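Coordinate-derived values only; no laboratory data. Not measured: the values here are computed from a predicted model. So basically every Cβ, Gly included, is an ideal-geometry build from the backbone, and we count neighbours across all protein chains shown.
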Amino acid sequence: MGNGLQDAIDELLAERDRSGLGGLRRIILETSGLAEPAPIVRALTQTRQMEFRLRIISTLDCLNAPVADELAPQYAAQLAAAQSIALTKLDVVDDSRRREAEMVAASVNPFASLVTSQSADERCRLVFEDGEAASLPSSGLLFSAHRTGNEQVSIVLATWTGPVTWADVSEWLENVSGYCGERLLRAKGFVRVAGCDDMVLLNGVGTVFSPPRRIKMDAQTAEGLVLILRDIDVAELREFSNASSENPPSLRSR
């Protein structure tokens, strides 16, 4: 990695600019099957061309969908980071195998949109649809989701009682990110920050967080930050959280 990725993208965009053909609409980066998403996202944030939107797409093989302890760490990280998960080999599996694959995806990443069209062309179009998934599932839906028996991945909901200062939120995030390291796969959710009329959207892949965004939401919006964790349970995280932060959130897992 090093600086290779950002240098390559910067040179690609500079060459395109010199050609007079106009800007690129999309750059698709296909990683290896063992790639960890967080270091790639971190490298992309360091490019000199910062006006882009990042979308992470993962695939899930319906014919060989992993279960229980078969989910490799890198694959768990890829599924957890994705905005869209496209199911593949749908033409050679029955509905039962497809539903099993859907449950695996939902157990690792409740945020992702599942792309299940039988048409390969349609799947390609759907994974690149613009609509940003800014909504957070209600806590009831999130915690009643089907479990696959996979003990590697935990999904934890962090909520503060009433508005919390941004200083407390950022301190807690920094502490938890440092403690979890690569065991923190994904974080996304809405927090009501003191002095701000809107909700604040927090979104991170691994320990790399996008700038917080103010989002106008209605009264039905579910507050809380959902953490997708690998090899760490809610009890361990709660113990660290309470010991390291002055105003920690309450934590519960589904």
**OP:** Tally the DSSP beta bridges in the chain and give the antiparallel ones as a percent, rounded to 5.
**Re:** 75 percent
Subject >> Projected label distance in nm at SER119 and PHE52, using a 7 Å step from Cα toward the beta-carbon >> reply: 2.9 nm
Subject >> For the chain: Kirkwood Rh in Å [reciprocal of mean 1/r, alpha carbons] >> reply: 19.5 Å
Original post:
If you place +1 on the Cβ of every Lys and Arg and -1 on the Cβ of every Asp and Glu, how big does the dipole about the Cα centre of the chain come out, in debye to the nearest 20?
Top reply: 400 debye
Subject >> Value of [θ]222 nm, deg cm²/dmol, for the chain, DSSP H segments ≥ 4, -39500 (n - 2.57) each, nearest 500 >> reply: -10000 deg cm²/dmol
